[in-house]
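Below: one structure, written as structure tokens.
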Amino acid sequence: IKNEVLTMQRYVEGSGREQIQVVSLEDLIGEDNPVRVFDAFVDSLDMEQLGFKYAQTKETGRKPENPADMCKLYIYGYFNGIRSSRKIEKECKRNIEVMWLIKNITPHNKTISDFRKDNKKPLENLFKEFTMLCDMMGLIGKEMIAIDGSKFRASNSRKKNFTKNKVKKMIQHYEDSAKKYMELLENNDKNDSEQKSDFTKEELNEKLKNAQKRIEELKEMSEEIEKTGDISITDKDAKHMGVSNNGTDISHNVQVAVDSKNHLVVAVDVISAPADQGQLYNVAKLAAEELGIELKNNEEENDETKENNSEDYILTVLADKGYYEYESLKECLEAGIKTIVSKQKSPNNTGDEKYVIDNFIYDKERDVYICPQAKILYNVSKSTSKEHKYKNTSICKECTQRDQCTKKVEGRTIIRSEKHDIYDIVNKITKDSMYLYKKRQQIVEHPFGTIKRALGYTYFLTRGNASVRIESFMHFFIYNLKRVINIKGVKALIERLKPLILQSFYLFLHKIFYRLKLV
């Protein structure tokens, strides 16, 4: 009865496991499969010009893996969230897409990991080559970029990171331990059987020696921390930083510049500083270099000209209040960069937001400040002073709103330095361009969200700024690649790459003929 019931059930039946399948890998890879883009893009590159190791081989010795194949393998791995060399090695033996992409070669995991280690600059150039391709296809606007930073967890545990307070507590612990060992040694010397230690004299001396040695190491570490802020043992460039949700972690600060047209990342940098301050001009300059934009270098141009002649700006940059820092803003304006940067919220010791310094209007022609009550604060400093004080004691004493404005008996005092001229220009630009500033989040925070959530790259596998930097370039190269595939489509992108592949092939033939001395 059971057999009859089973024969009545209908399922889709597969072919037998023993049956020989005659099919090529080419037939198994669809025309719209992204691996065809990886293959076409790498084939369009001059691996020797990019600086890949073994791009030019010797006539004798063991044959190396083709850097083009290894490059395709790494692109496939990162595109699919596979970064470990051992996991990539497994894919070479079981993944049909990988078999097609690298023509059935099966490199060892050590070869795979060494490729990334030995080709740091070439892998960075890979990101730049794709940026150039995006520019050729008209996907980059070159008019406005947004800059931001995000923390990515380093390959360094909390136990291997030391801060000032942590080292202080550790020194106290070992000093207490050393004191205890010394007391136990004294008790042993007195031959007091009731207070005799469980350890021998030699064991106590060894423990005391180790504790004293550790104290010396920690004191040296404490001196280094005074200079650098904190120390990481495993990844020396990693720092203790504040991360999302008010937490902290041992991280690297990744800075990016994103073009506003299609939200493609055009510049990447990695720093050890937890704060973004001082990075605005550095990242903007990197982006300008990648986009082929020549910035100005005219320090003699006065601020008033920069403020009034908006057509003189070469590039517009959006950034949040973490980048609101005098030197960077000044350098950007001098280079012809229009800076739309939010400023930090100004404090007021009375807690009344109506009387924060932002609500005091500076009249440049008369060199006075006008308070929210329409009263005038005069410049009472010497003309040679770098910082000028503005106040009006007699008016402030009679003001009915003085308690809401200030706690000082003599009234409100405002201090203005030469930096405020730059701040005023940036504040005016930002105020007049708030419709652009509101686009900042959707431009620059979207790539970080995709990298961390969709791809799962919330931490680094490698250590040290040089290696971590290359990992970051690979992360954002894959982000750009995914985005361009979504925008243009696989087939259209391959068609665009065909002329570049032919050009690369002719160049390859020319090199071969040249080496054979046929040309």
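The values are calculated or read from the model by the stated rules, or taken from the named source; none is laboratory data. All figures in this text were calculated on a predicted structure; none of them were measured in a lab. Cβ placement follows ideal geometry from the backbone for every residue including glycine, while neighbour counts extend to all protein chains displayed. The area values use the complete protein model at the heavy-atom level, side chains included, leaving out ligands, DNA and RNA. Shrake-Rupley method; radii C 1.70, N 1.55, O 1.52, S 1.80 Å.
If you check 338, 343 for being closer than 16 Å to residue 421 by Cα, touching a residue at least 60 places away in the same chain (Cβ under 8 Å) and not in a loop (DSSP other than H, G, I, E, B), only one passes: 338.
Within region 378-407, residues that are without any contact (Cβ under 8 Å) to a residue 24 or more places away in the chain and charged (D, E, K, R) reach partners that are open to solvent by less than 70 Å² (accessible area, probe 1.4 Å) and not in a loop (DSSP other than H, G, I, E, B) with beta carbons closer than 7 Å, at six or more positions or on different chains, in the pairs 391/377; 391/413; 402/396. A residue that is modelled with pLDDT of 85 or more, within 20 Å of residue 416 (Cα to Cα) and of a type in the set (S, T, N, Q) occurs nowhere in region 303-324. Per this entry, residue 413 is not counted among residues that are out of contact with any strand residue (DSSP E or B) (no Cβ under 7 Å at 6 or more places or on another chain) and more than 21 Å from residue 365 (Cβ to Cβ).
Assuming residue 129 fulfils every condition listed in (1) modelled with pLDDT of 90 or more; (2) not in a helix (DSSP H, G or I) apart from one, which condition is it? Just one mismatch for residue 129, condition (2). The residue that is surrounded by the fewest Cβ atoms within 10 Å (Cβ to Cβ), counting only those in region 45-77 that are over 28 Å from the mean Cα position of the chain (by Cα) and of a type in the set (Gly, Ala, Ser), is 61.
Could we say that residue 355 is crowded, with 16+ Cβ neighbours inside 10 Å and modelled with pLDDT under 90 here? Step through it out loud before you land on a result.
Details: crowded, with 16+ Cβ neighbours inside 10 Å: yes; modelled with pLDDT under 90: yes.
Judged against the criteria, residue 355 is a match.
Applying the criterion of being in contact (Cβ under 8 Å) with a residue 40 or more places away in the chain and farther than 15 Å from residue 271 by Cα to the residues of region 221-230, the residue that is least open to solvent (accessible area, probe 1.4 Å) is 225. For region 130-151, a residue qualifies if it is surrounded by fewer than 20 Cβ atoms within 10 Å (Cβ to Cβ), more than 18 Å from residue 492 (Cα to Cα) and of a type in the set (Asp, Glu), and exactly one does: 143. Annotation: of all residues in region 235-259 being β-branched (Val, Ile, Thr) and within 13 Å of residue 472 (Cβ to Cβ), the one that is farthest from the chain's Cα centre (by Cα) is 256.
In region 311-331, the residues that are closer than 15 Å to residue 255 by Cβ form Cβ pairs under 8 Å with partners that are small (Gly, Ala, Ser) and part of a helix (DSSP H, G or I), at six or more places apart or across chains, as follows: 317/284.
State all residues of region 415-444 that are charged (D, E, K, R) and surrounded by fewer than 16 Cβ atoms within 10 Å (Cβ to Cβ); if no residue qualifies, say none. Outline the logic, then answer.
Of all residues in region 415-444, those charged (D, E, K, R) come to 416, 418-419, 421, 424, 428, 431-432, 438-440.
Those that are charged (D, E, K, R) and surrounded by fewer than 16 Cβ atoms within 10 Å (Cβ to Cβ): 418, 419, 424, 428, 431, 432, 438, 439.
So which residues in region 260-279 are more than 13 Å from the chain's Cα centre (by Cα) and either surrounded by fewer than 22 Cβ atoms within 10 Å (Cβ to Cβ) or closer than 16 Å to residue 321 by Cα (or both)? Residues satisfying the conditions are 260, 261, 262, 263, 277, 278. In summary, helices (runs of 4 or more DSSP H) completely within region 1-112 and bearing 3 or more residues that are among the aromatic types (Phe, Trp, Tyr) occur at 67-79. Every test in (1) modelled with pLDDT of 85 or more; (2) assigned to a helix (DSSP H, G or I); (3) out of contact with any helix residue (DSSP H, G or I) (no Cβ under 7 Å at 6 or more places or on another chain) is passed by residue 245 save one, and that test is (1).
Checked against (1) in contact (Cβ under 8 Å) with a residue 24 or more places away in the chain; (2) in contact with a helix residue (DSSP H, G or I) (Cβ under 8 Å, 6 or more places away or on another chain); (3) of a type outside the set (A, V, I, L, M), residue 108 passes all but a single condition, namely (1). Within region 216-229, is there a residue that is within 30 Å of residue 440 (Cβ to Cβ) and out of contact with any Leu (no Cβ under 8 Å at 6 or more places or on another chain)? Within region 216-229, one or more residues are within 30 Å of residue 440 (Cβ to Cβ) and out of contact with any Leu (no Cβ under 8 Å at 6 or more places or on another chain). Going by what's in this entry, would residue 115 be described as buried (at least 19 other Cβ atoms within 10 Å of the Cβ), over 25 Å from residue 441 (Cβ atoms) and aromatic (Phe, Trp, Tyr)? Taking the combined requirement at face value, the residue satisfies it.
Would you check which residues across region 379-414 are small (Gly, Ala, Ser) and open to solvent by 80 Å² or more (accessible area, probe 1.4 Å) and list them? Residue satisfying the conditions is 383 alone.
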